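So the structure is just underneath, and the comments pick up after that.
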Amino acid sequence: MDDKESLRVGAAVKKRRRALKLTLAVVASRSGLSVPFLSQIENERARPSKRSLELVAGALETSAGELLAAAEAARTVDVVRAEEHAHAMPEGVRSLVRGRQQLHALEFTGERDAGREFQHRNDELLFVADGAAEVEAEGRAYRLERGDTLYLSGGVRHRWRATEPGTRLLVVAVAEHIEADDT
C-alpha cells in the first residue's frame, strides 16, 4: 500500500465507528487518543502510527489488521481483469469484485445444480449476460434471456439453472457481512 492509499485507513476507522454507533469522544476515551487526532485520522489528514492504529482498533473492538484490510477495500477504483480467477472459487464461478466489499458480485458460467436452493439475507440482482436461465422464486418460475434481470429481496428462497449451453449469469448483491435495512 503506498502513502496515499495508507491514508484511506481513516475511512475504515470512520465506517467502523459509525457501525458501532460511537462518538469520537467515546473512541478517544477508550483509546487514550485525542478527539482532534481521531478526527484528523478519519478525515485522512493524519496517518496513525502502528501503535495509534492498534489503540484505535482496540477501542473499535477490532484489530489493526482488519482496519488495514478495510482500508485496502476502501479504494474507489479497482479493475478485475477477465483473465483473473480467484483461487477459492469453484470451476465456472468468478468473483467480479475483489476483497470483502459491501457489494458482492459473481459470474457463473455453464451448468449449475438446479436442485440447490439459495436464501440470502440481503437483496440480490441476477443478470443474464449470455444464454438463458430459469429461476424459481416464491413458487413461480421465471425464464430469463440475454439482457434480462431479476431482482430478489432479501430472504426470498430461490434456485436457478442455465437452460442454454454457454450461459453466463451475473449475481450482484449486498454482501452477507453487511446488515442492510430499509431505513
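The values are calculated or read from the model by the stated rules, or taken from the named source; none is laboratory data. The structure displayed is predicted, hence computed values, not measured ones. When we count neighbours, we look across all protein chains shown, and the Cβ atoms used for this are built from the backbone with ideal geometry, even at glycine. Heads up: the accessible areas ignore ligands, DNA and RNA and are worked out on the full protein's heavy atoms, side chains in. Shrake-Rupley method; radii C 1.70, N 1.55, O 1.52, S 1.80 Å.
For this structure, a couple of remarks:
- Members of the range 140-183 found to be farther than 18 Å from GLU117 by Cβ, modelled with pLDDT under 90 and in a strand (DSSP E or B), listed by number: LEU170, VAL172, VAL174
- Test: residue in the range 14-27 that is touching a Leu at 6+ places or on another chain (Cβ under 8 Å), outside any helix (DSSP H, G or I), modelled with pLDDT of 90 or more and closer than 24 Å to ALA173 by Cα: yes
- Among the residues of the range 93-109, those identified as in a strand (DSSP E or B) and surrounded by 15 or more Cβ atoms within 10 Å (Cβ to Cβ) are VAL93, ARG94, SER95, HIS104, ALA105, LEU106, GLU107, PHE108, THR109.
- Hits in the range 110-139 - residues which are of a type in the set (S, T, N, Q) and either free of Cβ contacts under 8 Å to residues at least 12 places away in the same chain or surrounded by 14 or more Cβ atoms within 10 Å (Cβ to Cβ) (or both): ASN122
- Of all residues in the range 58-80 being outside any loop (DSSP other than H, G, I, E, B) and at pLDDT 95 or above, the one that is most open to solvent (accessible area, probe 1.4 Å): GLY58
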